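Each remark here refers to the structure printed beneath this line.
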Amino acid sequence: MTVNKLLSIGSLLTAFIVFSCSQTKDSQPEKAEATIKEEKPLNVIFMIGDGMGLPQITSSFYYKGSPSNFEQFKNIGFIKTSSKSHKVTDSAGGATAFATGSKTYNRAISVSTDTTNMPTILEKLEEKNYKTGLISLTSITHATPACFYAHVKDRDMHEDIAAQLLTSGTDFFAGGGLKYFTKRADGKDLYGDFEKAGYIMDSTSLKNGLDADKKYGFLLAEEGIPSKIDGRGDFLLDATKVALEQLSASDSGYFLMVEGSYIDWGGHAKNAEMMVTEMLDFDKTLGYVLDYVESHENTLLVVTADHETGGVAIGKSDRADSVAVYFTTDQHTAELIPVFAKGEHEDDFRGIYENNEINHKLVDALGNIK
Ligand SMILES: [Zn+2]
């Protein structure tokens, strides 16, 4: 066979491959499927492990006794977490970046460095008739959940934050912080105001079988819900199940933020048992959510943290077959923080980027919500 003949067979083959590819690309069934998908609103589940850096996640691989649910992720990235005022962020600065898409100073609740209100992803979605939900183990007015619905210049303004939860229109919330609703310095009965506004409120226990057309507020502790080692039980998992059931009952799309709050507190207390137990509780809830995402199309799960807490190392113990947890500080650290994504748009979260870009990626995935 001559070189020319070989070349022409080669070009024919190339032409055939190109032709076949373009045929598949332009075929009608695929186009139709894409159109149907675009019409449905994307559901977003955003899980934040407060203080959950790579060492905390690593601890779930050694202490769980079965595979960590984090092993199920294929699309992983890292975020840089510094705020505008501090290289080492706090939860307020971190959550403001996630909620608004802009970095600010430490202690700010979704206001800019000149204390101007910055709209949040939850507020934008409320305007688009999305269902929204917030779950925290601390007070629902604590920095991480607060940044999704409130705008105040300092994270300790709990009573103002609680009042702004009422005007935010959030459809479901579960956590602690009852005293900021019932025992207020201004004497207002905010709990009663929520009921007057149509919320079904409960300060005793979570309930199943919620009505999709109603709004719910579960405030199950005066301050924080107890930590796992102090007897919390399965609140994080149960609240997540109830919220997903309620929010997904209508077709309007939903945004749910779930915070595993006490991984951070384990780091501040340099308490390895607390840190690991909280991490395993988060991992258990994550397992449920991963199965949920697997069986519910058009849903995106993003899991990350605001910062690492404790400067933790998982190192040698006195036994060759086990490890020990070491703390180098009782403060937050500036480490890169992993981001895990599963479901629709999961590829968008690869790479190394700033914490506020998580918000931009979510907004892009959600389409036109600006
Ligand atoms: Zn902290």
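Take the residues in the stretch 304-347 that are among the acidic types (D, E) and outside any loop (DSSP other than H, G, I, E, B); name whichever of them is farthest from the ligand (Cβ to nearest atom). Reasoning before the result, please.
Kept after step one, since they are among the acidic types (D, E), are these residues of the stretch 304-347: 306, 308, 318, 321, 330, 335, 344, 346-347.
Narrowing the set further to residues that are outside any loop (DSSP other than H, G, I, E, B) leaves 308, 346-347.
On the way: E308: 10, E346: 28, D347: 31 Å.
Step by step, filter the stretch 304-347, then rank; the result is D347.
Within the stretch 250-270, take every residue that is within 13 Å of the ligand (Cβ to nearest atom), touching a Phe, Trp or Tyr at 6+ places or on another chain (Cβ under 8 Å) and not β-branched (V, I, T) and give me the one that is farthest from I45 (Cα to Cα). Before you say what the answer is, go through the steps one by one.
First, pick out the residues of the stretch 250-270 that are within 13 Å of the ligand (Cβ to nearest atom): 259-270.
From the residues that got through so far, the ones that are touching a Phe, Trp or Tyr at 6+ places or on another chain (Cβ under 8 Å) too are 260, 263, 267, 270.
Still in the running and not β-branched (V, I, T): 260, 267, 270.
Working: G260: 13, G267: 25, K270: 30 Å.
Taking the candidates together, the pick is K270.
Need the failing condition index for V88 against (1) within 16 Å of the ligand (Cβ to nearest atom); (2) farther than 22 Å from T277 by Cβ; (3) touching a helix residue (DSSP H, G or I) at 6+ places or on another chain (Cβ under 9 Å); (4) not basic (K, R), just the number.
V88 satisfies every listed condition except (3).
For T89, work out the one condition from (1) touching a residue at least 60 places away in the same chain (Cβ under 8 Å); (2) part of a helix (DSSP H, G or I); (3) crowded, with 20+ Cβ neighbours inside 10 Å; (4) not aliphatic (A, V, I, L, M) it doesn't fulfil.
Failed condition: (2).
Checking the condition within 28 Å of S252 (Cα to Cα) and surrounded by 21 or more Cβ atoms within 10 Å (Cβ to Cβ), which residue from F181, F173 passes? Don't jump to the end; show me each part of the working.
Values: F181 fails: within 28 Å of S252 (Cα to Cα).
Among F181, F173, only F173 is within 28 Å of S252 (Cα to Cα) and surrounded by 21 or more Cβ atoms within 10 Å (Cβ to Cβ).
Pairs needed: first member in the stretch 317-334, free of Cβ contacts under 8 Å to residues at least 40 places away in the same chain; second member anywhere, surrounded by fewer than 16 Cβ atoms within 10 Å (Cβ to Cβ) and not small (G, A, S); C-beta distance under 6 Å; at least 6 residues apart or different chains.
none
Test each condition in (1) among the β-branched types (V, I, T); (2) closer than 19 Å to T144 by Cβ; (3) within 16 Å of the chain's Cα centre (by Cα) for I225 and report the one that comes out false.
The failed condition is (3).
Test of understanding: among I121, I140, I135, which residue is over 20 Å from I200 (Cα atoms) and either in contact (Cβ under 8 Å) with a residue 24 or more places away in the chain or under 14 Å from the mean Cα position of the chain (by Cα) (or both)? Walk me through how you get there before you give the answer.
Details: I140 fails: over 20 Å from I200 (Cα atoms); I135 fails: over 20 Å from I200 (Cα atoms).
Within the list I121, I140, I135, the selection yields I121.
Taking the stretch 272-293 as the search range and keeping residues that are of a type in the set (D, E, K, R) and in contact (Cβ under 8 Å) with a residue 40 or more places away in the chain, which one is surrounded by the most Cβ atoms within 10 Å (Cβ to Cβ)? Working first, answer last.
So in the stretch 272-293, the residues of a type in the set (D, E, K, R) come out as 273, 278, 281, 283-284, 291.
Filter again for in contact (Cβ under 8 Å) with a residue 40 or more places away in the chain, leaving 273, 278, 281, 283-284.
Numbers: E273: 13, E278: 31, D281: 22, D283: 22, K284: 15.
It comes out as E278.
In the stretch 139-156, what residues are closer than 21 Å to S102 by Cα and aliphatic (A, V, I, L, M)?
Looking only at the stretch 139-156, we keep the residues that are closer than 21 Å to S102 by Cα, and these are 141-156.
Answer for the stretch 139-156, where residues must be closer than 21 Å to S102 by Cα and aliphatic (A, V, I, L, M): A143, A146, A150, V152.
If you take the residues of the stretch 36-81 that are within 16 Å of the ligand (Cβ to nearest atom) and under 18 Å from the mean Cα position of the chain (by Cα), which of them is nearest to L125 (Cα to Cα)?
Ranking the candidates gives I48 first.
Quick check on G133: is it in contact with a helix residue (DSSP H, G or I) (Cβ under 6 Å, 6 or more places away or on another chain) and not in a helix (DSSP H, G or I)? Before the answer, list the steps.
Details: in contact with a helix residue (DSSP H, G or I) (Cβ under 6 Å, 6 or more places away or on another chain): yes; not in a helix (DSSP H, G or I): yes.
Criteria met by G133.
Residue by residue through the stretch 180-211, note down the ones that are over 21 Å from V242 (Cβ atoms) and under 25 Å from the mean Cα position of the chain (by Cα). Before you say what the answer is, go through the steps one by one.
Step one: filter the stretch 180-211 for residues over 21 Å from V242 (Cβ atoms), giving 180, 182-190, 192-193, 196.
Correct list: Y180 only.
Quick one: count up the residues across the stretch 189-220 that are basic (K, R) and touching a residue at least 40 places away in the same chain (Cβ under 8 Å).
Our first condition is that a residue be basic (K, R); within the stretch 189-220, this holds for 196, 207, 214-215.
After this cut, where a residue has to be touching a residue at least 40 places away in the same chain (Cβ under 8 Å) as well, the list is 215.
The total comes to 1.
Can you say whether V44 is aliphatic (A, V, I, L, M) and assigned to a strand (DSSP E or B), as far as the supplied structure shows? Talk me through it step by step, then tell me what you get.
On the way: aliphatic (A, V, I, L, M): yes; assigned to a strand (DSSP E or B): yes.
Against the criterion (aliphatic (A, V, I, L, M) and assigned to a strand (DSSP E or B)), V44 qualifies.
Every residue, every condition in (1) part of a helix (DSSP H, G or I); (2) among the hydrophobic types (A, V, I, L, M, F, W, C); (3) surrounded by fewer than 18 Cβ atoms within 10 Å (Cβ to Cβ), yes or no:
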residue: F61; (1), (2), (3): yes, yes, yes
residue: S66; (1), (2), (3): no, no, yes
residue: G94; (1), (2), (3): yes, no, no
residue: D114; (1), (2), (3): no, no, yes
residue: L125; (1), (2), (3): yes, yes, no
residue: F148; (1), (2), (3): no, yes, no
residue: D160; (1), (2), (3): yes, no, no
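Every number in this text was worked out from the coordinates using simple rules, so none of it is lab data. Only a predicted model underlies this, so the values are computations on that prediction, with no experimental measurement involved. Backbone-built Cβ (ideal geometry, glycine too); neighbour counts: all protein chains shown.
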